[in-house]
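Trainee: Sharing a structure, written as structure tokens. Questions coming.
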Amino acid sequence: MKARRIPRDDLGADMATALSRHSIYSAPETAALWHSMGGRDVYWIVEESNEACVVLTGVEFGRGPIARFQAMPDGLPGGAYYPDGARSGDRTVDESLFEAIRNHGYAKVFFTDFGCVHTPPDYYDSVDCETDMLDLDAEDWAPADKKLRSEIRKAEREGVTVEPFAADRDFEPFIRLMEATERRHGRAPKYSSDFYKALAALCERDDRIWWRVVNHEGRMAASHIYVLDGTIALYWQAFLDKEMSYLKANQYMLYSTAQAMRERGVLALNLGQSPAEADGLSAFKGKWGAQPYCYSMYTSQSLLGRLA
């Protein structure tokens, strides 16, 4: 059994197609989003008798001894693809994969095991993570909180309309909304406008990216970006114009999008992690009836990585 690192140009069309079909998180098109942030998508493959046992899509940042590898960036789930599904979670295969990645010489390695199916070697550190999951698998699903249901009805009375993001109409208003939201929280934007241009282009090609907006009286009141993977969706990014909070656009967009996802067969919506200091965000998620879900992130650091 051997493992090797393959750059995108050497991946091959058939494997690229298989990775894309397997999961939004293993798709080369998704990994390529981080090109705009200086990242390089790479693929770690474990083979036995010249047959792939597992392929892991990830993104490298930096060069040489300070390079780091993430599967995936921003805490997104790692998209490991097992061509022979029977080997999913095979300890021998996993050990070969994670050992090769660690020995490559990265300063830091991050792998998010959202499905709790992998077993890396003991010399990887395990970080406990927790998110909030909303169960949509009920015939009469509705938000748990009475006040929240009232706010959704208010949005309907205000004439709030949720629309798919349209780049020619929405891109510049979105950038203004995103930057204003980040300033309000006292932080710099995590992603550049070039990243969002790439995301908008991917959204047009891949219906597993749902970008929704609410426009009202010539302004963008709210924007949500969701990622769909099989029966689980992720509420990935959200931006809100506080001056227009009276519309309850944020609440209404989450509700209407969850209903549309249910029709598509999505059974659970991941509302994302809440920072320890974000009491308001945690309370907001609780109103929807979300429940804690625990998983692990596996990390490895070289000596230089530990000093950085």
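The values are calculated or read from the model by the stated rules, or taken from the named source; none is laboratory data. As the structure is a prediction and not an experimental result, all values here were calculated from the model. Positions of Cβ are generated from backbone atoms using ideal geometry, with glycine treated the same way; all protein chains shown enter the neighbour counts. Side chains included, ligands, DNA and RNA excluded: accessible areas come from the protein's heavy atoms. Shrake-Rupley method; radii C 1.70, N 1.55, O 1.52, S 1.80 Å.
Trainee: If the reach is capped at under 29 angstrom between alpha carbons, list the lysines near Lys108, excluding any in the same chain fewer than eight residues apart.
Mentor: Partners found: Lys2, Lys190, Lys197.
Trainee: While we're on this one: With contacts defined as alpha carbon pairs under 8 Å and 6 or more residues apart, what's the relative contact order of the stretch 167-308 in percent?
Mentor: Numbers: 128 pairs, mean separation 23.8, N = 142.
Relative contact order for the stretch 167-308 comes out at 17 percent.
Trainee: Which three semi-axes in whole Å describe the equivalent ellipsoid of the stretch 107-186, each the square root of 5 times a Cα gyration tensor eigenvalue, listed largest first?
Mentor: Working: eigenvalues 258, 120, 38 Å².
Semi-axis lengths for the stretch 107-186 are 36, 24, 14 Å.
Trainee: I'm a student and want to see the number: the projected area of the Cα convex hull of the chain, averaged over all directions, in nm². Mind showing how you got there, number by number?
Mentor: Numbers: hull surface 67.2 nm².
Mean shadow area of the hull around the Cα atoms is 16.8 nm².
Trainee: Grab the DSSP H runs of the chain that are 4 residues or longer, score each as -39,500 (n - 2.57), total them, divide by all residues and round the 222 nm result to the nearest 500 deg cm²/dmol.
Mentor: On the way: 9 runs with 100 residues, N = 308.
Result for the chain: -10000 deg cm²/dmol, rounded to the nearest 500.
Trainee: Filter the GluC sites (Glu not before Pro) in the stretch 130-201 to those in DSSP coil with at most 11 other Cβ atoms within 10 Å of their Cβ, and list the result. Could the numbers behind the result be given before it?
Mentor: Working: sites: Glu130, Glu139, Glu151, Glu156, Glu158, Glu179, Glu182; in loops: Glu139, Glu158.
Those that pass, being in a loop and sparsely packed, are Glu139.
Trainee: Related question: Based on the Cβ-Cβ distance from Thr161 to Ala138, what FRET efficiency comes out when R0 is 25 Å, to the nearest 0.05?
Mentor: Details: r = 26 Å, r/R0 = 1.04.
The calculated FRET efficiency here is 0.45.
Trainee: For the chain, what does the relative contact order come out to in percent, with C-alpha contacts under 8 Å and a separation of six or more? Each step should come with its number before you reach the end.
Mentor: Numbers: 553 pairs, mean separation 68.4, N = 308.
About 22 percent, as a whole number.
Trainee: Under 17 Å Cα-Cα from Lys154, which lysines qualify once same-chain neighbours fewer than 8 residues away are excluded?
Mentor: Cross-link targets: Lys146, Lys242, Lys248, Lys287.
Trainee: Using unit Cβ charges (K, R positive; D, E negative) and no other charged atoms, how large, in debye to the nearest 20, is the dipole of the chain about its Cα centre?
Mentor: Values: 36 positive and 46 negative charges, 181 e Å.
Computed charge dipole of the chain: roughly 860 debye.
Trainee: Please list Leu267, Leu19 in order of solvent-accessible area, largest first, computed with a 1.4 Å probe with all protein chains present. Let's see the in-between values first.
Mentor: On the way: Leu267 75, Leu19 0 Å².
Output order, biggest surface exposure first: Leu267, Leu19.
Trainee: Now for a different question. What longest region of the chain stays clear of trypsin sites (Lys or Arg not before Pro) that DSSP places outside H, G, I, E and B and that have at most 10 other Cβ atoms within 10 Å? Numbers along the way, then the final one.
Mentor: Working: sites that count: Arg63, Arg187.
With trypsin sites (Lys or Arg not before Pro) excluded where exposed in loops, the chain gives 64-186 as its longest stretch.
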